[in-house]
Amino acid sequence: MPTTSSTATHDVVLIGGGIMSATLGVLLQKLEPTWSIALYESLDQAGLESSDPWNNAGTGHAALCELNYSPMDKNGRVDVTKALGINEQFWTTRQFWSSLVADGTLKDPKSFINPLPHMSFVWGDDHADYLRARYEAMSAQPLFAGMEHSEDPEQIRAWAPLLIEGREPGQRLAASRNTGGTDVDFGSLTRQLITAMAGAGAEVRFGHKVTGLTRGTDGRWEVKVKNKAAGSELVDRARFVFVGAGGGALPLLQKSGIPEAKGFGGFPVSGQFLRCTDESVVNQHMAKVYGQAAVGAPPMSVPHLDTRFVNGKRSLLFGPYAGFSTNFLKTGSYLDLPLSVRPHNLSTMLDVAKDNMDLTKYLVTEVLKSRDKKIDALHEFYPEADGGEWELITAGQRVQVMKRKGRFGGVLQFGTEVVTHADGSLGGLLGASPGASTAAPIMVKLLERCFPAKMAGWDGTLKELIPSLGHTLNDDPALLDEVRTVTDAALKLA
């Protein structure tokens, strides 16, 4: 049994030691240096769940290569609206990081971000026609100026030789390429941000699991925390709470009792990657290459062959191979999904299940896929791959949001959902992609919703950190060029 609990009081409590809590914590320290902040993380280190580099693709999602962000309608028109929005958001994040490098909050940018071309690669007439139409629509936008496109196998070979070697002649291939892409180690970035937070006065406690979240009679939130090593309990009374616990956010938001969390459900999707560290292979591929998703597959399951930089060492990842587990976190419990079902979200979840049978079929197929079948999928991208050079690793858990639609219906959301209480005292984040890459604009959005009265006073500092805030870079090519020059220099991407 836990020992007698102690108490603490803070202005802000951050739940979870991932990139979102780290981003918000640093932002708040810049905006309100006198506020007291505590961060509680269940694991023994920051950034070990979804932010860990082996638990995500580290793409620096900017819609340069991710085809699901630029769908084609029934009339053959490619809609680049979502791609533009995500690219704008990543520029916001890059500006935030570059400002933190400039003021010394972050040290060597090479430890978390590296320049890397982003490519889209397809085969077959329909997919090639789509990629051509996508290139024409996107390259006309200032944000995507400089994008290259080719159906010449020799040109594609020059960009990424592993895609071409051993491929059957006569197959129609197409590739688009943008040299302005990046690879991001969000685990390293998260740990650096949280170390900086602690250095600036935040109380950071690892091995502390938040088990309860209730509103006190005085309006403060009472955050119940268990010290896993000691078995003792702590109640932290906070004016503002952010639930940035990844897959663990939904259960905590449900415990809070805020009406804004009602109707939400979570659908967990696990995954695996094939990883290669053989330098003779790794040195032949210097790009992130995304293909087309299978029918029924969630966006996070788009196949890709990626160069990764982790702890200064290059490797290749291929995948992901989707799976299913009922736990909401990689280190979670198999009871997470059943215990998340509530009367207020049951109809949502049942309606989503009814309308997404193709997703269920896809997941069943993926779960039953043998290692040989996984290698076959790799061969579609990299025909001469030697399966013996690739190890299978387990990636992180993602929880797709199921959101109420109408009185009894539901819809599966593939974005990131910001949930805030009406009085602004509590906020949380649900969902996955594009997630980490858009951490800065998502946290600015959360600040706008939770602290509307303070935004005018914070405006100057926010614009110092993110100079383009309030502007659309795609509509202002001169500002875009200025932002690109400054951020590329600060982050050593040029």
Practice task
Take the alpha-carbon centre of region 189-205, take the same for region 381-423, and report the distance between them in whole Å.
Solution key: 28
Exercise for the section: Choose one of 10, 359, 217: the residue whose Cα lies farthest towards the positive end of the charge dipole of region 6-474 (beta-carbon charges +1 Lys, Arg; -1 Asp, Glu; about the Cα centre). Expected result: 217
Exercise for the section: Could you compute the FRET efficiency for residue 230 and residue 165, with r as their C-beta to C-beta distance and R0 at 41 Å, rounded to 0.05? Expected result: 0.15
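Over 32 Å between C-alpha atoms is what I'm after, so list which of 30/405; 361/445; 30/209; 373/492 land there.
Among 30/405; 361/445; 30/209; 373/492, the Cα-Cα distance tops 32 Å for 30/405; 361/445; 373/492.
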Exercise for the section: Please identify which residues in region 411-455 have an amide N closer than 16 Å to a label point set 7 Å out from the Cα of residue 479, following the Cα→Cβ vector. Expected result: 441
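In square nanometres, what is one fourth of the surface area of the convex hull spanned by the alpha carbons of the chain?
Result: 23.6 nm².
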Problem - Helix-only CD estimate at 222 nm, as mean residue ellipticity for the chain, using -39500 (n - 2.57) per DSSP H run (n ≥ 4) - result: -10000 deg cm²/dmol
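Please return the longest stretch of the chain lacking exposed loop sites, where GluC sites (Glu not before Pro) count only if DSSP places them in a loop and at most 15 other Cβ atoms lie within 10 Å. Present the calculation step by step, with values, prior to reporting the outcome.
Values: sites that count: 151, 165, 384.
Value returned for the longest uninterrupted segment is 166-383.
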Problem - Segment residue 79-residue 260, extension gain: residue separation times 0.36 nm, minus the distance between their alpha carbons - result: 62.0 nm
Handout entry: Debye intensity ratio I(q)/I(0), log10, region 164-311, q values 0.10 Å⁻¹ (C-alpha model)
Key = -0.64
Handout entry: Mean separation of Cα contacts under 8 Å, 6 or more apart, over the residue count of region 159-241: relative contact order %
Key = 16
Problem - Qualifying aspartates and glutamates (Cα of each under 12 Å from Cα of residue 454; at least 8 residues distant if same chain) - result: 32
Exercise for the section: Nearest 5 is fine: what % of DSSP beta bridges in the chain come out antiparallel, could you say? Expected result: 75
Handout entry: Charge dipole of the chain about the Cα centre (unit charges at C-beta), most positive-ward option of 140, 461, 78
Key = 461
Completion exercise
Ranked on Cβ counts within 10 Å of their own Cβ, fewest leading, 349, 443 go 349, 443
Problem - Relative contact order [Cα under 8 Å, 6+ residues apart], the chain, whole percent - result: 22
Problem - Separation of the residue 277 and residue 72 label points, Cα + 7 Å toward Cβ, nm - result: 4.1
Fill in the blank from the handout: Residues meeting the amide H criterion for residue 182 (H placed from the backbone, H to H distance under 5 Å, 5 or more places apart or on another chain) are 116
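Rule-based calculations on the coordinates, nothing more; no lab input. Computed from a predicted structure; not experimentally measured. When we count neighbours, we look across all protein chains shown, and the Cβ atoms used for this are built from the backbone with ideal geometry, even at glycine.
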